[in-house]
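Remarks on the structure that follows.
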Amino acid sequence: MSYLNNLRLVFSGRFQSDVSTVNNDVTHFDSANFQAKFQEYGMPGGWWNPCGSGAFRLLDCVVNEVGYSDGSTISDAQADPVIGMLIGGSNQSVSGKMVDLDPQMQMVSEIWGLEMRLCNDLEDGLFSGKFLPAPFRDILFGRQQQGGGGDQTATAIYQSVLEDLSWIDSSSSTFLQQLKAASPDKLSVRMMLYSYNMDHTNPEFTLGYVSGVIGPAAASEPNTFILGRRFAPANGRKTAENINFFNAQLNVYENAGIPRGDLCVDLSNALSLANGQGDFVNIGQVQVVALNGEFSEGSEGLTESDYTAIGEPIPYLDTQWLQSSGAIFNVSALSGPELQSAQTRQLALLQLEKKKVLITETQNGYLVRADQVVHRLNPADTTKVDFYAAAYGVPLSGSDITVSLQAVAQGTSGGDAAPTINHPASAIHYPTTITTGTDGKATLSLTAENPENPRGYIDGQVFLLSYSPVGQPKYIQHMFDFVASLVFDNFAVPANPSWEDIQAIMTQYGNLYPVMSRMLVDLGNYESVVEYRSILELAFSRPLSDPNYMPVTRDLSAGKRAAILQWLRAKGDNGQYLLARSGSSAGASAIEPCASCEISSTPPMESAAALADRAENQPDAMRGSKLYASQQYQKNLKN
Amino acid sequence: MLKLKKEVVDSIKSVTDVSQLHSYLQNAIELEHATIPVYLTGLFSIKQTSNSEASKIIRSVVIEEMLHMSIACNVLNALGGSPAINKPDFVPSYPGPLPMNVGEDRQLVASLEPLSKQQIKNVYMAIEEPENPLEFPVENFAAVSEQYSTIGEFYAAIIEKIKELGEPAFTGDPSRQLVNSQWFAETELWAVTDVNTACKALNLIVEQGEGTQQSPLDPEKKLAHYYRFAEVFYGKRLVPDTSSALGWSYNGEAIPLDESQIYKLQPNAKAEDYPAGSVARRFADQSNYTYSSLLNNLHQTFNGHPDKLNEAMGLMYELRLTVQKMVTIDVGDSYCAAPPFQYVKTNT
């Protein structure tokens, strides 16, 4: 099951991620030293999109192919009306949001409040569901050969499930009937994002491309990764051919008493991209094989007895292969020795001209990963993390996994003036070893305590928990496969909060989000906040999952939120809102918009090459990018 | 005074069954909504930090038009009908006539244009003109022929018909009524469940729009829409004035309209006016989608899910922030990009 099986829908199109960047530098949280230029484009300043709204949108995402449970696929609307329809966001609510956990951990950005629905100009939604918030995984920088600077050449995967499904009408589509029968309550979804544009002078600014797949989801499976076969570059980064981590799944079943297997390999985030159109770099003929011995990545000159070929060579050079197939390679109805090899031996990609092993599955087909990897915790909160262990895709019982807190460092935003993360260790409690049960699953219980404001001007603390399988020293993990938690400081809610109790909180948000404070409501100004009392009460009182939730960044502790709401809601005996304050101010002044709220009128069309060149020569030009954050994280680890 | 064909009012009078009244209330909903894009375009054309009084005045009218639309929906729901808001022809094509061809008597063209004294006079004040405007001093618009009835007469005919049909006509499910004191005061929006609450509600629409025969104030002591717009047109507050025969004159505090601080929005823009792939097109498509999502949401709000109004408020602010950025885009010939207010089904 999961999207990585025969029964699936493939879509392709654009996405917009209008993230804001003032909050990408932890020192910008220091309100005492905040400067106006931090809300403008540039460095030093608010970096590449200071006036971003946080919106995440799916645009023009067209269904190009569906696969049926028998392994056949079609791409003709005459054969199934789902072909040519769109996968879109909600048409009744605001856009979803893309949200970092913290300036010091920007590598687990989640999508919140996204609804996905299958629709067209006639149908409102043949199905719709809510995307369970999940972070991107398996990011690889420089995966794309041509393109601009920053994150334009990076790609990553969002995998999650659609919940609260509604099925409006499946009668006209064989595919939808099969999908609904297989998975009526939730669906598995993968979105591979690529070629994201970060140049605000370009019309494509904040837009990127998405290759999506939707399929069934089983209750026994993790929601956010494939419990199957994991391919890993030997150095933990990428192979010589720029191949990234990727996943495959072998679904085994019986047909007339004979064991059969369908192998599905997800290459969307794996092979190197030539350009922003999703074309793959030609690295010769590539085939999935099961290795008949120990061969490491890069081994050349294998003989036919060294491996068992699984299916035909991968058609990755076909025109628009990514768009039309989602770059999922399928071999259906494996049987006999072929199936046996695929079930019990290490899989690999083989380059046929040189008989070269491009990349292999993890040693012994081992896999251990955590499902819920991003947490926001208030003191005394307890949460759960499900870990899964498997070998060659089969759940492993009795497997030990160790969990440990990373060393004190500065995470993804550092510098001389920046605080450090991962302390005090006493503020996060967890067992250091967990053991999987018969289902291959182990649940870690995580409890938070008041970290007592170790970072000063920014609330709470970030804790990164690494994990690894015991007895598997060669197991290779992606460097961002950890469990990240933001633990908030305790905040005692005053009995009758006044403006002075919440002003500092509101001012900090006002500084960090010019899209609000410079275009709508000056959050640091009493009169301005009073004018917008109703909408602020609404936004601060929505559930975390709601796309209207404020703050968009979801980094407000329960205590501070309660104080703000209490202040906004308190009424006097006369039924009027109190909106209490002890002092007085000079009154509201008009909000001056910042230049970053305006769109440059005559975009100089900088070429991708020029932009890349600029990025190379000015290392700071792409501050605020995931690339920069990732570099900071690695640099800070070593310090 | 904007008028509509007398046949419309005559046919309301000849209604014999409440179901025949539904289409006229649907027309009322469409009419109240149709003014909102017109006024919003003016509001969004004002540069931030400038023209703040004019901005407040227009905003106050927009909010009351939203109220009027809600009232008309409540009445239709109370009478067992179902408002239809989520369809392309719910939105007029601008420039063009208002729903029911209201204003054809004087060739009114509802248009989406930036704020100017000319637009205020020719469109805003024309839309809101009372049956007999009190002249403080305001010239009366041309007299019209007897083939036409006023909006006041349109609502009066509905009110009379509701009284005639009486309490049995109120078969609607009370849970479909929108009452939400967070956004609308209880003195302005209430549950419509019987003849009395329906007539009071419809009267409020007419009074807030037109004022009363004796005073420019509505029953809540706020200036009727026509006089609020006239304040911007004349550049001065309408204030009590004992030296004036009518007791009021445009002699109060100045309300300057600095037209240099108005974005010169492309009039009556359509998304298709902007080249595919341009920034203006992206913002036009997005603002259309957000606006359409708002209409879809309001459709749900008025079809059994009144709590959805909260989400609608979120969409209004998302639309506002999108458009505030959009109007800064120079699309050539010194024009700025403008939101098209087109109903679309998908986000492209």
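Restricting attention to region B:300-348, and to residues there that are aromatic (Phe, Trp, Tyr) and more than 10 Å from chain A (Cβ to nearest Cβ), which single residue is nearest to B:Pro174 (Cα to Cα)?
The first filter runs over region B:300-348 and keeps only residues aromatic (Phe, Trp, Tyr), leaving B:302, B:317, B:335, B:341, B:343.
Restricting the remaining residues to those that are more than 10 Å from chain A (Cβ to nearest Cβ) gives B:302, B:335, B:341, B:343.
Working: B:Phe302: 11, B:Tyr335: 48, B:Phe341: 32, B:Tyr343: 29 Å.
Ranking the qualifying residues of region B:300-348, first place goes to B:Phe302.
In region A:566-592, which residues are surrounded by 11 or more Cβ atoms within 10 Å (Cβ to Cβ) and either away from chain B (no Cβ under 12 Å) or part of a helix (DSSP H, G or I) (or both)?
Within region A:566-592, A:Gln566, A:Trp567, A:Leu568, A:Arg569, A:Ala570, A:Leu578, A:Leu579, A:Ala580, A:Arg581, A:Ser585 meet the criteria.
Assess whether B:Met100 counts as being in the same structural domain as B:Tyr234 (by TED's automatic domain parsing), touching a residue at least 12 places away in the same chain (Cβ under 8 Å), within 30 Å of A:Asp121 (Cβ to Cβ) and among the aliphatic types (A, V, I, L, M).
On the way: in the same structural domain as B:Tyr234 (by TED's automatic domain parsing): yes; touching a residue at least 12 places away in the same chain (Cβ under 8 Å): yes; within 30 Å of A:Asp121 (Cβ to Cβ): yes; among the aliphatic types (A, V, I, L, M): yes.
Yes; evaluated as a whole, the condition is true for this residue.
Which number in (1) away from chain A (no Cβ under 12 Å); (2) touching a residue at least 60 places away in the same chain (Cβ under 8 Å); (3) closer than 25 Å to A:Ser90 by Cβ marks the one condition that B:Phe233 misses?
If we test B:Phe233 against (1) away from chain A (no Cβ under 12 Å); (2) touching a residue at least 60 places away in the same chain (Cβ under 8 Å); (3) closer than 25 Å to A:Ser90 by Cβ, just (3) comes out false.
What's the number of the condition A:Asp199 fails, among (1) at pLDDT below 95; (2) surrounded by fewer than 18 Cβ atoms within 10 Å (Cβ to Cβ); (3) not basic (Lys, Arg)?
(2)
Take the residues of region A:88-111 that are out of contact with any Phe, Trp or Tyr (no Cβ under 7 Å at 6 or more places or on another chain) and within 14 Å of another protein chain (Cβ to nearest Cβ): which is surrounded by the most Cβ atoms within 10 Å (Cβ to Cβ)?
Going through the qualifying residues, I end up with A:Gly89.
Specify which of the listed residues (B:Glu259, B:Glu272) is surrounded by fewer than 21 Cβ atoms within 10 Å (Cβ to Cβ) and either in contact with a strand residue (DSSP E or B) (Cβ under 6 Å, 6 or more places away or on another chain) or at pLDDT 95 or above (or both).
On the way: B:Glu259 fails: either in contact with a strand residue (DSSP E or B) (Cβ under 6 Å, 6 or more places away or on another chain) or at pLDDT 95 or above (or both).
Checking each option against the conditions leaves just B:Glu272.
Considering (1) surrounded by fewer than 16 Cβ atoms within 10 Å (Cβ to Cβ); (2) small (Gly, Ala, Ser); (3) out of contact with any helix residue (DSSP H, G or I) (no Cβ under 9 Å at 6 or more places or on another chain), say which one B:Gly252 fails and leave the rest.
(3)
Find all pairs meeting these conditions: Cβ atoms under 7 angstrom apart; at least six residues apart or on different chains; first residue within region B:15-34 and in the same structural domain as B:Phe170 (by TED's automatic domain parsing) and surrounded by fewer than 20 Cβ atoms within 10 Å (Cβ to Cβ); second residue assigned to a helix (DSSP H, G or I) and at pLDDT 95 or above.
B:Val15/B:Leu21; B:Val15/B:Lys161; B:Val18/B:Leu165; B:Val18/B:Ala169; B:His22/B:Leu76
For the subset of region A:211-267 comprising residues that are among the hydroxyl-bearing types (Ser, Thr, Tyr) and closer than 20 Å to A:Leu187 by Cα, which member is modelled with the lowest pLDDT?
Quick first cut of region A:211-267, residues among the hydroxyl-bearing types (Ser, Thr, Tyr) only: A:211, A:220, A:224, A:239, A:253.
If we keep only those that are closer than 20 Å to A:Leu187 by Cα too, we end up with A:211, A:220, A:224.
Values: A:Ser211: 98, A:Ser220: 92, A:Thr224: 98.
Selected residue: A:Ser220.
Determine whether B:Leu223 is in the same structural domain as B:Ser52 (by TED's automatic domain parsing), without any contact (Cβ under 8 Å) to a residue 24 or more places away in the chain and buried (at least 21 other Cβ atoms within 10 Å of the Cβ).
On the way: in the same structural domain as B:Ser52 (by TED's automatic domain parsing): yes; without any contact (Cβ under 8 Å) to a residue 24 or more places away in the chain: yes; buried (at least 21 other Cβ atoms within 10 Å of the Cβ): yes.
Yes; evaluated as a whole, the condition is true for this residue.
Being aliphatic (A, V, I, L, M) and without any contact (Cβ under 8 Å) to a residue 12 or more places away in the chain is true for just one of A:Ala181, A:Ala234. Which residue is that?
Working: A:Ala234 fails: without any contact (Cβ under 8 Å) to a residue 12 or more places away in the chain.
Every option except A:Ala181 fails the conditions.
Here's the yes/no breakdown for (1) within 26 Å of B:Phe184 (Cβ to Cβ); (2) assigned by TED's automatic domain parsing to the domain that holds B:Tyr39; (3) of a type in the set (Gly, Ala, Ser):
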residue: B:Gly211; (1), (2), (3): yes, yes, yes
residue: B:Asp218; (1), (2), (3): yes, yes, no
residue: B:Asp241; (1), (2), (3): no, yes, no
residue: B:Leu246; (1), (2), (3): no, yes, no
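Hey, can you tell me all the residues within region A:372-390 that are part of a strand (DSSP E or B) and of a type outside the set (Val, Ile, Thr)? Don't jump to the end; show me each part of the working.
Filtering region A:372-390 for residues part of a strand (DSSP E or B) gives A:374-377, A:382-390.
Selection gives A:His375, A:Arg376, A:Leu377, A:Lys384, A:Asp386, A:Phe387, A:Tyr388, A:Ala389, A:Ala390.
Tell me which residues, restricted to region B:290-299, are more than 25 Å from A:Phe205 (Cα to Cα) and more than 9 Å from chain A (Cβ to nearest Cβ).
As a first pass, look at region B:290-299 and keep what is more than 25 Å from A:Phe205 (Cα to Cα): B:294-299.
Across region B:290-299, the qualifying residues are B:Leu295, B:Leu298.
In region B:314-324, how many are in contact with a Ser or Thr (Cβ under 8 Å, 6 or more places away or on another chain) and of a type outside the set (S, T, N, Q)?
Taking region B:314-324 first, the residues in contact with a Ser or Thr (Cβ under 8 Å, 6 or more places away or on another chain) are B:314-315, B:318-319, B:321-323.
This time we only want the ones that are of a type outside the set (S, T, N, Q), so: B:314-315, B:318-319, B:321, B:323.
Result for region B:314-324: 6.
Taking the options A:Asp124, A:Asp151, name whichever one is of a type in the set (Asp, Glu) and more than 14 Å from chain B (Cβ to nearest Cβ).
A:Asp151 is the lone residue from the list that is of a type in the set (Asp, Glu) and more than 14 Å from chain B (Cβ to nearest Cβ).
Answer yes or no as to whether B:Ser287 is hydroxyl-bearing (Ser, Thr, Tyr), facing chain A (nearest Cβ under 10 Å) and buried (at least 23 other Cβ atoms within 10 Å of the Cβ).
It is false that B:Ser287 is hydroxyl-bearing (Ser, Thr, Tyr), facing chain A (nearest Cβ under 10 Å) and buried (at least 23 other Cβ atoms within 10 Å of the Cβ).
Looking only at residues that are assigned to a helix (DSSP H, G or I) and more than 19 Å from A:Thr155 (Cβ to Cβ) in region A:618-638, which one is modelled with the lowest pLDDT?
First pass over region A:618-638, keeping only residues assigned to a helix (DSSP H, G or I): A:619-622, A:626-638.
From the residues that got through so far, the ones that are more than 19 Å from A:Thr155 (Cβ to Cβ) too are A:619-621, A:632, A:635-638.
Details: A:Pro619: 50, A:Asp620: 55, A:Ala621: 54, A:Gln632: 90, A:Lys635: 89, A:Asn636: 85, A:Leu637: 84, A:Lys638: 74.
It comes out as A:Pro619.
Give A:Leu122, A:Leu165 a once-over and let me know the one that is surrounded by fewer than 21 Cβ atoms within 10 Å (Cβ to Cβ), modelled with pLDDT of 95 or more and on the phi < 0 side of the Ramachandran plot. Give the steps one after another, and end with the answer.
On the way: A:Leu122 fails: modelled with pLDDT of 95 or more.
Residue meeting the stated conditions: A:Leu165.
Checking the conditions here, which among A:Ala563, A:Ala539 is away from every other protein chain (no Cβ under 14 Å) and either surrounded by 20 or more Cβ atoms within 10 Å (Cβ to Cβ) or not in a loop (DSSP other than H, G, I, E, B) (or both)? Break it down into steps so the answer makes sense when it comes.
Details: A:Ala539 fails: away from every other protein chain (no Cβ under 14 Å).
Criteria check complete, one pass: A:Ala563.
If you scan region A:187-212, which residues turn out to be of a type in the set (A, V, I, L, M, F, W, C) and under 15 Å from the mean Cα position of the chain (by Cα)?
Filtering region A:187-212 for residues of a type in the set (A, V, I, L, M, F, W, C) gives A:187, A:189, A:191-193, A:198, A:205, A:207, A:210.
Answer for region A:187-212, where residues must be of a type in the set (A, V, I, L, M, F, W, C) and under 15 Å from the mean Cα position of the chain (by Cα): A:Val189, A:Met191, A:Met192, A:Leu193, A:Val210.
The conditions are (1) at pLDDT 90 or above; (2) within 30 Å of B:Ser52 (Cα to Cα), and B:Glu220 fails exactly one of them. Which is it?
With (1) at pLDDT 90 or above; (2) within 30 Å of B:Ser52 (Cα to Cα) applied to B:Glu220, the lone miss is (1).
Cβ-Cβ under 6 Å, sequence separation 6+ or interchain: first residue in region A:38-59 and more than 12 Å from A:Leu512 (Cβ to Cβ) and within 11 Å of chain B (Cβ to nearest Cβ), partner assigned to a loop (DSSP other than H, G, I, E, B) and not basic (Lys, Arg). Which pairs?
Taking only residues 6 or more apart or on different chains, the pairs are A:Ala55/A:Ser95; A:Arg57/A:Gly89; A:Arg57/A:Ser95; A:Leu58/A:Gly89; A:Leu59/B:Asn347.
Can you give me the number of residues within region B:234-249 that are over 17 Å from B:Leu217 (Cα atoms) and either more than 26 Å from the chain's Cα centre (by Cα) or surrounded by fewer than 17 Cβ atoms within 10 Å (Cβ to Cβ) (or both)?
To start, the set of residues in region B:234-249 that are over 17 Å from B:Leu217 (Cα atoms) comprises B:234-235, B:243.
Checking which are either more than 26 Å from the chain's Cα centre (by Cα) or surrounded by fewer than 17 Cβ atoms within 10 Å (Cβ to Cβ) (or both) leaves us with B:235, B:243.
So the count comes out to 2.
The values are calculated or read from the model by the stated rules, or taken from the named source; none is laboratory data. These figures come from a predicted structure and were not determined experimentally. Here the Cβ is made from the backbone with ideal geometry for all residues, glycine too, and neighbour counts use every protein chain on show.
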